[in-house]
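Here is the structure we will look at.
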């Protein structure tokens, strides 16, 4: 099974012979094994030599860079180094672009992503008896019927779907605050996150987006052509689309676990004037849970037992099949 490597300290990546090494600011050197590695996450100021980058590219490993400015209270995905695409397919690219331009097809894909996200929210929340009313609201929220009820013109269809998505996320956030024991979301805030819970969510989501991007690149899909999010919003906006159904079961399960198990504490955060970020130790806690959950193998009804990472890629293949064969697109649902 492929694994991720995370570099949290300031330092330098360099190549010696056919091996990759990292040396930190205290001149401590360690080898980085590259066997079965799919992603390297650079979470601090790290310089990389040309030969190191060449070795990483030859091994088909993705590099994800993150930027932090504690004075402004921001920490975000700066960009990714992607090895040369080994699975180009012109016909997929053309059909993906055509599906984006066909507003009915685009809306069909976007609605399926939103409905799968709603379903997975329910699977996360239904174990908590104190929020059964919120769970029932999500169960009774028929995404496709709500779309039909609000529909007036195809040119407004994506805005309608985004409004529906916003509504179900708000129900989810309200329920979540009744489950969380200490730190609460209160409301979702980004760039910068305004409280501890939002800091955890923002960091987890960045890891998830990068993981999804890596899985997209293992298929024939173009990560810049999306359906729910507008392509010009982010460079790799399809990763934002495909992360949505996995956010409840990855990001928010991490949040609930770290807070309710009293694993995350005030000393794991850095407070700015108007923001809160995870410090190095806080990030390590999130990374440990993220890796555990992304590599977790689960048995899905009719799909067999696979890791979450594999199910992300399976969702990509489902879209490919839809584009080529017009077989109904199915986003990921946590059906045991």
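Only one of the listed residues (91, 109, 113) is loosely packed, with under 13 Cβ neighbours inside 10 Å, in a helix (DSSP H, G or I) and in contact (Cβ under 8 Å) with a residue 40 or more places away in the chain. That residue is 91. There is at least one residue in segment 30-40 that is outside the structural domain of residue 295 (by TED's automatic domain parsing), surrounded by 14 or more Cβ atoms within 10 Å (Cβ to Cβ), closer than 22 Å to residue 289 by Cβ and touching a residue at least 40 places away in the same chain (Cβ under 8 Å). Only one of 248, 223 is buried (at least 23 other Cβ atoms within 10 Å of the Cβ), at pLDDT 95 or above and part of a loop (DSSP other than H, G, I, E, B); which? Criteria check complete, one pass: 248. Here residue 231 meets each of (1) under 29 Å from residue 95 (Cα atoms); (2) within 15 Å of the chain's Cα centre (by Cα); (3) surrounded by fewer than 23 Cβ atoms within 10 Å (Cβ to Cβ) with one exception, condition (2).
Restricting to segment 155-210, name every residue that is assigned to a loop (DSSP other than H, G, I, E, B) and surrounded by 19 or more Cβ atoms within 10 Å (Cβ to Cβ). Answer for segment 155-210, where residues must be assigned to a loop (DSSP other than H, G, I, E, B) and surrounded by 19 or more Cβ atoms within 10 Å (Cβ to Cβ): 183, 185, 192, 193. For segment 124-135, the criterion of being outside any strand (DSSP E or B), surrounded by fewer than 16 Cβ atoms within 10 Å (Cβ to Cβ) and touching a residue at least 12 places away in the same chain (Cβ under 8 Å) is satisfied by at least one residue.
The strands (runs of 3 or more DSSP E) found wholly in segment 41-85 include none carrying at least 2 residues that are assigned by TED's automatic domain parsing to the domain that holds residue 193 and at pLDDT below 85.
Could you tell me which numbered condition residue 291 fails, if it satisfies all but one of (1) over 20 Å from residue 182 (Cβ atoms); (2) surrounded by fewer than 19 Cβ atoms within 10 Å (Cβ to Cβ); (3) touching a helix residue (DSSP H, G or I) at 6+ places or on another chain (Cβ under 7 Å)? Evaluating residue 291 over (1) over 20 Å from residue 182 (Cβ atoms); (2) surrounded by fewer than 19 Cβ atoms within 10 Å (Cβ to Cβ); (3) touching a helix residue (DSSP H, G or I) at 6+ places or on another chain (Cβ under 7 Å) leaves (3) as the failure.
The values are calculated or read from the model by the stated rules, or taken from the named source; none is laboratory data. Just so we're clear, the structure is a prediction, and the values are computed from it rather than from any experiment. So basically every Cβ, Gly included, is an ideal-geometry build from the backbone, and we count neighbours across all protein chains shown.
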